[in-house]
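What follows is a set of notes on a single structure, which appears directly below.
The values are calculated or read from the model by the stated rules, or taken from the named source; none is laboratory data. These numbers come from a predicted model, not from an experiment. Virtual Cβ from ideal backbone geometry, glycine too; neighbours counted across all protein chains shown.
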């Protein structure tokens, strides 16, 4: 193994502006893909959080493994991605109208005990999967459901008809 080239390791090998533009383009592309296509598959982690984890993991791996010629290239890219995520979170908090644009609204799946099959098809959710989600929340019969929604994090929330509130799935309960 040769000697470490310290100057090359800690200097830019690519224009910082190019790194910021590339990071910005990938962030927005993946954000739109996750926002429009993959809502239900995300689970209980927010889409933007998953996006940041995936991109940062890749950006950090490239910087550490030599995909870039320097560490600072990776630092700039990771900073760009975290910056966009922080800015979107802050803007969504400050401007509720923007939050409605960036986060999908809850999707009604069941109304007064009747399954809205059209909305299930939108999310590629089968009736068996819906029934499984209802059972996990302590609902035995579809007739007991006043409303059930797919939330923006992919989880199903249930409002029952004049019954005790269903419990959360075991993994969601706090001890």
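Here is how the numbers come out for the structure above:
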{"read-out": "Those residues of the range 80-101 which are modelled with pLDDT under 90, touching a helix residue (DSSP H, G or I) at 6+ places or on another chain (Cβ under 7 Å) and farther than 24 Å from residue 59 by Cα, in sequence order", "value": "92, 98, 99"}
{"read-out": "Answer from 135, 121 - the residue that is surrounded by 12 or more Cβ atoms within 10 Å (Cβ to Cβ) and either free of Cβ contacts under 8 Å to residues at least 24 places away in the same chain or more than 30 Å from residue 20 (Cβ to Cβ) (or both)", "value": "135"}
{"read-out": "Single condition residue 86 does not satisfy, out of (1) more than 15 Å from the chain's Cα centre (by Cα); (2) not assigned by TED's automatic domain parsing to the domain that holds residue 161", "value": "(1)"}
{"read-out": "Every residue from the range 141-157 that is without any contact (Cβ under 8 Å) to a residue 40 or more places away in the chain and touching a helix residue (DSSP H, G or I) at 6+ places or on another chain (Cβ under 8 Å)", "value": "142, 145"}
{"read-out": "Failed criterion for residue 127 (all others in (1) loosely packed, with under 12 Cβ neighbours inside 10 Å; (2) more than 18 Å from residue 106 (Cβ to Cβ) hold)", "value": "(1)"}
{"read-out": "Checking residue 46 against (1) at pLDDT 70 or above; (2) within 10 Å of the chain's Cα centre (by Cα), the condition it does not meet", "value": "(1)"}
